[in-house]
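Here the structure comes first, spelled out in structure tokens, and everything after it is commentary.
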Amino acid sequence: MKAIVPFLEINKMNINNIQFQVIEFRSAEYRQAVYLRYKILRQPLGLHFTKEQLEEENGYIHITGEFEGKIIAYLYLIPIPENRYCMRQVAVQEDFQGLGIGRKLVEFSELIIKERHAAEMFMHARLTAIPFYEKLGYVKSGELFSAVGLPHFEMRKYFTEKE
Ligand SMILES: CC(C)(COP(=O)(O)OP(=O)(O)OC[C@H]1O[C@@H](n2cnc3c(N)ncnc32)[C@H](O)[C@@H]1OP(=O)(O)O)[C@@H](O)C(=O)NCCC(=O)NCCS
């Protein structure tokens, strides 16, 4: 008989059961991830994704965290000239938040871009997420601005070839 593990029993001891990987645009995993993004990032603001917005994501690097066949964490990276990458749509399923999964997801994405000789990662961080990115070594830059109706700061981290 298959054991059913309630989500709340997941803790830092078995975070290794989460599999992080790069997925294909338009794959089944990507479609699941779009739904996760909608639930975590868009629905609370009364917003949707349009077909045109999603089409623009072709060519981006899509990264997921998967637990028992379910996508529970996601972000995408936009490659920008001069070895810079923009991180967007960082989302962890609500009942998996606060367990270190967001940290692992971002660290995994940093490994991916360091392999590609990245010089810099930056993002537009919601005010509420700034302490999370600061823990991961990102630093605020510029002025507070508004996007999707929420206050944001740009945050960045530089990489050197030695890292
Ligand atoms: C922000 C988010 C991605 C963080 O992922 P998470 O899995 O909950 O975060 P983690 O458990 O990996 O936290 C890593 C560290 O950041 C800290 N942290 C995370 N969120 C925090 C917050 N809102 N305030 C203060 N500290 C926070 C944790 O305490 C932890 O610190 P530690 O390593 O010293 O223990 C997740 O909570 C989420 O999806 N939030 C809703 C969507 C969102 O705001 N996305 C970001 C848009 S810019």
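Laboratory data are not the source of any read-out in this text; all were calculated from the coordinates shown. Just so we're clear, the structure is a prediction, and the values are computed from it rather than from any experiment. Backbone-built Cβ (ideal geometry, glycine too); neighbour counts: all protein chains shown.
Data overview
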quantity	calculated
Exclusive hit being in contact with a helix residue (DSSP H, G or I) (Cβ under 8 Å, 6 or more places away or on another chain), under 22 Å from I23 (Cβ atoms) and not acidic (D, E), set L150, L99	L99
Selection count, region 137-150, where residues are in a strand (DSSP E or B) and either surrounded by 17 or more Cβ atoms within 10 Å (Cβ to Cβ) or of a type in the set (F, W, Y) (or both)	1
Filtered residue count, region 90-114, keeping only those that are small (G, A, S) and surrounded by 19 or more Cβ atoms within 10 Å (Cβ to Cβ)	3
Qualifying positions in region 115-136 - loosely packed, with under 13 Cβ neighbours inside 10 Å and assigned to a loop (DSSP other than H, G, I, E, B)	R116, H117
Per-region count, region 98-114, residues within 6 Å of the ligand (Cβ to nearest atom), over 11 Å from L75 (Cβ atoms) and in a helix (DSSP H, G or I)	2
Residue check for A125: among the hydrophobic types (A, V, I, L, M, F, W, C) and either farther than 22 Å from E82 by Cβ or out of contact with any helix residue (DSSP H, G or I) (no Cβ under 7 Å at 6 or more places or on another chain) (or both)	no
